[in-house]
Amino acid sequence: MSRRYTPPGHHRSVEAFREHLCRLDSAFDCGDELLGSEGPLAKSLAVFGREAGNRFAIHPMEGWDGDRDGSPSDLTRRRWRRFGLSGAKLIWGGEAVAVVPEGRANPNQLFIDGERLDGCVAWLGDLRREILAGHEESGVSGDRPVIGLQLTHSGRLSRPDPPPALPRPLRAQVHPVLDGRLGKAAGRPLISDEQLEEIAGAYVRAARCAEKAGYDFVDIKCCHGYLLHELLGAHTRPGRYGGCFENRVRLPLGIIAAVRTACPDLAVGVRLSVGDVAPFGADGAGVGVPEVESARPADLGFGLNSADVGLPESTCSEAIRYIGLLVEAGVEVVNVTMGSPYSCPHLSRPFTYPASDSYLPPEDPLRSVLRQLAAVRAVRAAFPGLPLVGTGYSYLQEWLPYMAEAEVGAGHVDFVGLGRMVLAYPRLPADVLAGLPLERRRICRTFSDCTTGPRNNMVSGCYPLDEHYRRTPEFGRIKEIKKAAAS
């Protein structure tokens, strides 16, 4: 694969990386040396009514590996234990748990079964204990981590049945590009207002389960193209949940209010895509380009840039308006991300190597990372006292802790959120905090196998770097799929 950019791991010194960084955007810098336990990443911060002992957060990641009844498998438990092994003091949700079975993004996603709530509380408690056990093994001192549960409904991305069954999307609005990707399933009706109100009740029921299982907070997920995020951008939807801004924010704000009433001791956070771009596809050379087929493309997403729908809006103005309402509603922490890995993966999850169904990056992926960091800065400028979690750091590879120390130390962000990186290298936060050199052979190189697997109905994991997944038959299948996609 030809590259028009230098991946971070190819730089052999922090000076070389800084030169690359500043050439892209002089507003950003990185540290010269790592400060470990004396640095900003080791400082504590009060969130969700508790003290988080360091500034690392672990993002929620679906493993496509739950049992068909919605409960976790041994692979699920292993992943959560490794989240604890990281030593991070903020666990943002563990993974996305669907509030109803039909809201799953895949047939093996965890979900809350309304007919078996006691069983759900039991396995949620088991997963929480896996995190705590892993944290004990990490060697990172201090109090236990602050642990949340991400609650979701997949909306237009719902695929609760195993192949060859068709997807069962529950779309919030008609979309001229994304509907075309659903095939025959695009003929299904839009989700009704009555269905949305029933789903709101399911969020409350799921939050009660999380509270009983001992979680500190729930994340009412508003990102990455799932139901509540699509509703935020549902400009063309008729009725009380679409059209004007006040209608588009009505359901998530109503859910948050209902959860806070039903679970007064349970804190609430929100992971929010603060800006969308148009859906991307591959051009003739396999490079990502925006697919715009609407006379009013800026109406087809949340916070789209009306001047250029292929780039996020730098001021995050619509998101900032919404975050103001979230704060008024009692949301205590916002986890900032952008776009959707299903429609603009280069922005949501910057990569060197695309997944089997994706495209080559349309820009230097480091620039995509900086767009994520700039979005957090925009939110911080509007809400100086609101704790924020940042996204996009895994692509930085060796230089991740250098950038993390700079951004946290300057007060631009409070927590450095890690996803893919801890699949490959769960102990990275603990090693950084201890002042140990990074294990280069374990650093995520964004091969995207953790995405290619699920896109082809296999479990998600780091197949190249995690010995457990390397030993599975799926590793060979993924190599063949990638080879065929590249030919």
The range 28-444, relative contact order in percent, only Cα pairs under 8 angstrom and at least six apart counted: 18
Grab the beta carbon distance between Phe245 and Tyr5, set R0 = 51 Å, and tell me the FRET efficiency rounded to 0.05. 0.85
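Just the number, please: percent antiparallel of the DSSP beta bridges in the chain, rounded to the nearest 5.
15
In whole Å and largest first, what semi-axes does the C-alpha gyration tensor of the range 254-384 yield when each eigenvalue is scaled by 5 and square-rooted? Intermediate values should be presented prior to the final figure.
Working: eigenvalues 182, 47, 41 Å².
Semi-axes, largest first: 30, 15, 14 Å.
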If you take the Cα atoms of the range 142-199, find Rg, then find the Kirkwood Rh from the mean of 1/r over all pairs, what is Rg/Rh? 1.17
In whole Å, largest first, what are the principal axis extents of the Cα atoms in the range 220-275? 37, 22, 14
Excluding residues on the same chain fewer than 8 positions from Lys89, give the lysines whose Cα lies under 19 Å from its Cα. Lys43
Over the Cα atoms, compute the radius of gyration (one decimal) and Dmax (the largest Cα-Cα distance, rounded to a whole number) for the range 47-110, in Å. 13.2, 37
Packing-based ranking, highest mean first, of 234-240, 204-210 given that Cβ atoms within 10 Å are counted: 204-210, 234-240
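Using only C-alpha atoms and all pairs of different ones, pull out the Kirkwood radius for the range 28-444 in Å with one decimal.
21.3
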Amide H proximity to Thr337 below 5 Å, modelled H, separation 5+ or other chain, gives Leu272, Ser273, Val274
Which of Ala298, Val268, Ala375 sits closest to the plus end of the dipole of the chain, meaning its Cα is farthest towards the positive end, when Lys and Arg get +1 and Asp and Glu get -1 on the C-beta? Ala298
Sorted by average packing, counted as other Cβ atoms within 10 angstrom per residue and highest first, what order do 49-57, 429-437 take? 49-57, 429-437
Calculate the length of the line joining the C-alpha centroid of the range 445-476 to that of the range 76-139, in whole Å. 20
For the range 171-316, with equal point scatterers placed on the C-alpha atoms only and solvent neglected, what are the log10 I(q)/I(0) values from the Debye formula at q = 0.15, 0.21 1/Å, to two decimals? -0.83, -1.28
From the convex hull of the Cα coordinates of the range 317-463, what is the mean projected area in square nanometres? 9.7
Compute the length gained on full extension between Arg129 and Ser317: take 0.36 nm times their separation in residues and subtract their Cα-Cα distance, giving the result in nm to one decimal. 63.7 nm
Could you work out how far the C-alpha centroid of the range 311-336 sits from that of the range 21-70, in angstrom? 19
Using a basic spin-label model with each label point 7 Å from the Cα along Cα→Cβ, how many nm lie between Ala27 and Lys479? 4.4
Using a cut-off of 14 Å between beta-carbons, work out the net charge of the residues near Leu266 (Lys and Arg +1, Asp and Glu -1, Leu266 not included). +1
Computed label-point distance, nm, for sites Ser73 and Ala307 using a 7 Å Cα→Cβ extension: 4.8
Where labels lie 7 Å past Cα in the beta-carbon direction, separation of Ala382 and Leu117 in nm: 3.5
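Every read-out reported here was derived from the displayed coordinates using simple, explicitly stated rules and does not represent laboratory data. These numbers come from a predicted model, not from an experiment. Cβ sites come from the backbone with ideal geometry, for glycine too, and all protein chains shown count toward neighbours.
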